[in-house]
Every structure is written in structure tokens, then in C-alpha cells.
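Since every read-out is calculated from the coordinates, none of them should be taken as a lab result. Predicted model, so just to flag it, every value in this text is computed and none were measured. Glycine also receives a Cβ, built like all others from the backbone with ideal geometry; neighbour counts cover every protein chain displayed.
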Amino acid sequence: MERISYMESAPDLDAVFSALAHPARRAILSRLADGEASVNEIAEPFEMSQPAISKHLRVLEKAGLIERDIDQQRRPARLSAQQLAAAVAWLNEFKAFWHTSFDQLDGVLEKMQQMEAKGSDHE
């Protein structure tokens, strides 16, 4: 994995992770994975006001995670995959680390199980 300083990280990536930090915004993205929806359709399952949903939509839009159009009187929102794909690509850089860490953990657990089995054999 190539090392870069925190100053070189993409500002768009910062906005994406900031937007994803809120559970309501993640739920909105999950809803939009099923297709575009109006603010009222998005707000329906939530126990928050339509203006609060609109604020969350603005954060998601600013982060590039959704796009909104003006369609007569509604402003349907839909997923925009480009920024989310950038976040996934960044996270994938850590896969090798995760796999190595899990392999090491597997080794430790296996040794513990062997020691436990040897201990119970002597009892």
C-alpha cells in the first residue's frame, strides 16, 4: 500500500466519510439503492421532519453520494456511485492488512485451542 500524508487525501473522500457517519444518511442511501425517491417518500419511515430529511439530503448531495433533479414539483434523489466507489477503493487498500491480521488471529486461536486440549488431556 502506498503511503501518503493526510494532507494528500482527497477532500471528496473526507466529505463522503463524514456523510456516511450518520445512521440516517446511511439509511437514506440504502433506501435510494432501491431507486430514486422524493423527499416525502424518503421521509416516510423516519421519525423526523421533512426539513431534517432535506438537510441530510443536502449533506449527501454535497458529498457527491446522491444527485437530485427538479421534476415538476418534486426533487427526486438517486444514488451517485462515483464517490461511493472512491471510498470503497480506498478501503480496499486495507484488505491485505485485514487478511494478515485475521490470519495472525487464527494462528493465536489455534495455539490456544491446542494448549487447552493438552491441558484437558492431563486432567
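Points to keep in mind about this one:
- Basic side chains Lys and Arg get +1 at the Cβ, acidic Asp and Glu get -1 at the Cβ, and with that the dipole of the chain about its Cα centre reaches some 580 debye.
- Once volume of the Cα convex hull per residue in Å³ is calculated for the structure shown, the corresponding label among (i) 169; (ii) 130; (iii) 236 turns out to be (i).
- Only one residue of S49, H99, S120 has its Cα farthest out toward the positive end of the dipole of the chain, where Lys and Arg carry +1 and Asp and Glu -1 on Cβ, and that residue is S49.
- Hz values of 3J(HN,Hα) by residue in the range 103-110 - Karplus curve (6.51, -1.76, 1.60), Gly and Pro given as x: 4, 5, 4, 4, x, 5, 4, 5
- The chymotrypsin sites (Phe, Trp or Tyr not before Pro) of the range 56-123 that DSSP puts in a loop, and whose beta carbon has at most 13 other beta carbons within 10 Å, are F94.
- Packing-based order for 34-41, 61-68, 112-119, using average beta carbon neighbours within 10 Å, highest first: 61-68, 34-41, 112-119
- Ignoring lysines fewer than eight residues from K111 along the same chain, the ones with Cα atoms less than 28 angstrom from its Cα are K95.
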